[in-house]
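Inspection log for the structure reproduced underneath, given as C-alpha cells.
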Amino acid sequence: MLSVRAPATSANLGSGFDVFGVALDRPADLVRVEKADETTIEVTGVGATYIPTDPDGNTVGAVAEALDAPAHIHINKGVRPSSGLGSSAASAAAAALALNELYDRGLTREELVPIAAKGEAVVSGEPHADNVAPSLLGGFTIASGDGITSVDADIPLVACLPEIAVSTRDARRVVPSTAEMTDLVDTVGHAATLTVGMCRSDPELVGEGMTDEIVTPARAGLISGYTQVRTAAFDAGATGVTVSGAGPSVIAACYDGDRRAVAGAMLDAFADVGVDARAYQTRIGRGAEVLK
Ligand code: HSE
C-alpha cells in the first residue's frame, strides 16, 4: 500500500494557453493505492459525489490501464472538481506516481506526464499536459509539443474559487479558433515577460505577463463577477489576475505582504455579486510526493 499527495495546479496563467502551468502549495489530492486483480476506485472528499467510480470514466482508471497496474485506488479529493485548479490532473498525477512506485515500473516523472495526461483526456475530451506536468514536476512548467520544461519559482498567489461550476469541455468550446495578429503579438510578449518573471521569481513581471486578449476574455463571461473580482484584486495590490485553468477560479499573483488583502478583496467582490467563494492563500509549490 502506498499514498501520494499531488498538488492543485493553475494552467494557462493568461498568456500561456495550454502551455504554462504552476503547482500550487495548496490544496492537494491524496491517493492511496493497493495491488489488486482489477482496478476499483473509491472517492471521498470535496465534490466526491460528482466523480465517477467506474474505471472507464475516471481519470485514474485510464492511468492504471496505461501503466498496466490494476489496483484498488482510494482518492481523497482536496481539489474541488470543475474548479479550474487541476482537480482531475491532481488525481491523475498522484495515481501515476503511486502506481509507478507500487508496480516498480521505473518511469521518471517526465515519462509519467503523458501517462497522466491520458487520464485528463477522459475528463476534458483531449489529453493536455499543462496541469499534470506541474502536478508531477512542481514549479512552473512549459508544455510545448511533446516536450516539458520546468523551473522552480517562488511567487505568492491567491486562488479564489467561487461556488460556480464551469466544465472544462464548455470552457474549451468558447475559445476562438482564430485570432488577430496584433493579439498574437501581444500574447507572445506577455508570455515571454511571464517566463522571465518566473525565472527571477519576480511577482511584478509574472503579473504583467498574465494578460491575454484571446482566450481569457472569451471565458470571463462564464464567471459571474469576474470583472469586479479582477479589479478588486488589483486595487488590493495584485500584480496580475486571470482565469485559472478553464475557470471558475480566478488566480492573482502578488507580493507576500499583500496576499491576505488580495484574498479578502476577491472574496468581498464575489460576495457583492451574490456568489459564495473561498480563497486559497497559496504560492508556487512542489510536485507530487510519496507519503512515508
Ligand atoms: N489549458 C486547459 C484549459 C486547462 O484552459 O482549457 C484546463 O484543464
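The values are calculated or read from the model by the stated rules, or taken from the named source; none is laboratory data. Since this is a predicted model, take the numbers as computed values, not measurements. Neighbour counts are summed over all protein chains in view; Cβ atoms, including those assigned to glycine, are modelled from backbone coordinates with ideal geometry. Side chains included, ligands, DNA and RNA excluded: accessible areas come from the protein's heavy atoms. Shrake-Rupley method; radii C 1.70, N 1.55, O 1.52, S 1.80 Å.
With a point put 7 Å past each Cα toward its Cβ, work out how far A165 is from D56 in nm, to one decimal.
It is 2.2 nm.
Using only the alpha carbons of the chain, what is the convex hull's orientation-averaged projected area in square nanometres? Walk me through the intermediate numbers first.
Details: hull surface 54.8 nm².
The directionally averaged projection comes out at 13.7 nm².
Let me make sure I get this right: for segment 154-259, a, b and c are the square roots of the gyration tensor eigenvalues over alpha carbons, sorted descending. Under 1.5 in a/c it's rounded, otherwise prolate if a/b > b/c, else oblate. Which is it? Numbers along the way, then the final one.
Details: a/c = 2.03, a/b = 1.15, b/c = 1.77.
Oblate, because a/c is 1.5 or more while a/b does not exceed b/c.
Applying the Karplus parametrisation 6.51 cos²θ - 1.76 cosθ + 1.60 with θ = phi - 60° to the phi angles of segment 17-33, what ³J(HN,Hα) value in whole Hz is obtained for each residue in order, glycine and proline being reported as x?
Coupling constants for segment 17-33: 3, 6, 10, 8, x, 10, 7, 9, 4, 7, x, 7, 9, 10, 10, 10, 10 Hz.
For L13, which sequence-distant residues (separation of 5 or more, or a different chain) have an amide H within less than 5 Å of its own amide H, given hydrogens modelled in the peptide plane?
Amide H neighbours of L13: G245.
Which of rounded, prolate or oblate describes segment 11-81 when judged by the alpha-carbon gyration tensor and an a/c cut-off of 1.5? List each step's numbers first, then the result.
Numbers: a/c = 2.27, a/b = 1.67, b/c = 1.36.
The shape class here is prolate.
Under a crude label model (7 Å from the Cα following the beta-carbon direction), how far is T49 from S3 in nanometres?
My value for the distance between the label points is 2.5 nm.
Given a 1.4 angstrom probe, what's the average accessible area per residue across segment 130-211, in square angstrom?
Values: 3820 Å² over 82 residues.
Result: 47 Å² per residue.
Want the number for R200 to S144: 0.36 nm per residue separation, take away the alpha-carbon distance, what's left?
On the way: separation 56, 0.36 × 56 = 20.16 nm, distance 2.10 nm.
Taking R200 through S144 to full extension adds about 18.1 nm, to one decimal.
If the cut-off is 17 Å between C-alpha atoms, which aspartates and glutamates fall inside it for K77, apart from same-chain ones fewer than 8 positions away?
D25, D29, E42, D54, E120, E163, E289
Rounded to the nearest 20 Debye, what is the dipole magnitude of the chain about its Cα centre when Lys and Arg each give +1 and Asp and Glu each give -1 at the C-beta? Intermediate results must be reported in sequence, preceding the final value.
Working: 21 positive and 38 negative charges, 113 e Å.
So the magnitude is around 540 debye.
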